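K.L.:
There's a structure below that I have some questions on.
What follows draws every value from the coordinates through simple rules; no lab data is involved. Note that the coordinates shown come from a computational prediction; the quantities given were computed from them, not determined experimentally. Positions of Cβ are generated from backbone atoms using ideal geometry, with glycine treated the same way; all protein chains shown enter the neighbour counts.
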Amino acid sequence: MKNRNNKNSLRSLLFAAGFLFLLLMLCQVTVVQAGEVKIGTASGNISIDGTNMKLNYAYAMAQPNTFEKEKTDIAVLLTEKPVPHEAFKDVEDLRDVGTRQQGWVYFEINDMQKPITEVADHPSLGGQQLQMSGITRSGFVPKEFNKERIAGSFKTETAEKVFDHLYQVDVTFAAPIIQAKMPEPLPDAKTGKALPPDGGDPGKAYMNFVRAVHRKDIETIKKLAPFPDEGFKYTDEELKAGIEFMAALTPKNTRITKGFVEKDKAVLYVTGTLEKEKQYGTVEMMKKDGSWRVKKESWSNTPPEKSK
């Protein structure tokens, strides 16, 4: 099954991205605090290249839609092994929890109860992640979707080819919904200063980073990727193993359309193409010790309606 939604997000596997949690009342969801995390249950399998992995545990989080901040998505993380309780402290995005261990599948469900993002971490991938957005593979059938809990099933109708891997999911789950941490807002015309057309120094750093990914230049990537304390902790061996996949997931023909800077924070709005389809990105940059680096980036196949 192929599911397309007008507000789908695509994010590079380099980043453990976090987004602002907004107005739960808009989607009639209430949550428990992250400190009150309760483990949900899952029953089923994810199969990649013919190798099955059982999914036993379920977690859910209310977090904002990547581009429409007034809308709330429900993220679902289904894992082979339980996640340590402390992993949920100060979490802005449930996928960040998944990236701290191996063996999971992650979904984002929009306010229309449609999957818009699907990411898998599986032993067959050799430590990398299989990411699907814009066209997700699994259908979602809700069984319970109320103020406190979400339950249902994710299932692919058949095994599907995704980035040269054969992918299939069939799992049911139930989990309480927890709350994402609220991050600081991005700079805009009111809080920051408009950057020049090329994005200024933040823009130059980002474009150098994109070129390095497509050239598969590991040393330059390490200099421009997020700081280690921001989640970028890949070894040279892991980068070498995943560079082809990283390049395949990074849009080409990247162009900066606008940007804003406030002290050591900047945001760039960019466009690019992925699999011959135009994509629209929001890139967060940060400056530390005089150096601009990429902090987070988000991509969609339709332009954000409310970018500043």
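K.L.:
Mean separation of Cα pairs under 8 Å and 6+ residues apart, divided by the residue count of region 53-179: what relative contact order is that in percent? Let's see the in-between values first.
P.N.:
Working: 260 pairs, mean separation 26.4, N = 127.
Over region 53-179, the number comes to 21 percent.
K.L.:
In addition: Using 1/(1 + (r/R0)^6) with R0 = 25 angstrom and r between the beta carbons of Met112 and Lys181, what's the FRET efficiency to the nearest 0.05?
P.N.:
On the way: r = 25 Å, r/R0 = 1.00.
Efficiency, from the Cβ-Cβ distance: 0.50.
K.L.:
For region 24-179, with only Lys/Arg (+1) and Asp/Glu (-1) charged at the beta-carbon, what is the dipole magnitude about the Cα centre, in debye rounded to 20? All intermediate terms of the calculation are to be shown ahead of the outcome.
P.N.:
Working: 15 positive and 21 negative charges, 65 e Å.
It comes to approximately 320 debye.
K.L.:
If each Cα of region 24-179 is one equal point scatterer, what is log10 of I(q)/I(0) from the Debye formula at q = 0.09, 0.15, 0.18 Å⁻¹?
P.N.:
-0.25, -0.71, -1.05
K.L.:
Right, something else. Please get the size of the charge dipole for region 193-300, origin at its Cα centre, with Cβ charges of +1 on Lys and Arg and -1 on Asp and Glu, quoted in debye to the nearest 20. Spell out each step's value before the answer.
P.N.:
Working: 21 positive and 17 negative charges, 76 e Å.
The calculation lands at about 360 debye.
K.L.:
Let me ask another. Can you give me the pair-distance distribution of region 161-308, C-alpha pairs, 10 Å bins, whole percents?
P.N.:
Distribution as computed: 10, 35, 33, 18, 4 percent.
K.L.:
Mind ranking 141-147, 246-252, 281-287 by how tightly packed they are, going by the mean number of other C-beta atoms within 10 angstrom, highest first? Please list the in-between numbers first.
P.N.:
Details: 141-147: 12.4, 246-252: 18.0, 281-287: 22.7.
Listed from highest to lowest mean packing, they are 281-287, 246-252, 141-147.
K.L.:
Using the Kirkwood radius over C-alpha pairs as Rh, can you work out the diffusion coefficient of region 100-169 via Stokes-Einstein at 20 °C, viscosity 1.002 mPa s, in µm² per second? Before the final figure, lay out each step's value.
P.N.:
Details: Rh = 13.0 Å.
The diffusion coefficient I find is 164 µm²/s.
K.L.:
Additional query: Multiply the residue gap between His214 and Thr158 by 0.36 nm, knock off their C-alpha separation, and tell me the result in nm, one decimal place. Before the final figure, lay out the partial values.
P.N.:
Details: separation 56, 0.36 × 56 = 20.16 nm, distance 3.22 nm.
16.9 nm is the gain from fully extending His214 to Thr158.
K.L.:
Near Thr254, within a Cβ-to-Cβ distance under 11 Å, what is the net charge of the other residues, with Lys and Arg +1 and Asp and Glu -1? Working shown, then result.
P.N.:
On the way: positive: Arg211, Lys252, Arg255; negative: Glu297.
After counting each charged neighbour, the total is +2.
K.L.:
Same structure, new question: What list do you get for Arg293, Arg149, Arg95, Arg255 if you sort them by fewest beta carbons within 10 Å? If you can, show how the numbers build up before the last one.
P.N.:
Working: Arg293 20, Arg149 16, Arg95 26, Arg255 12.
In increasing order of surrounding Cβ atoms, one gets Arg255, Arg149, Arg293, Arg95.
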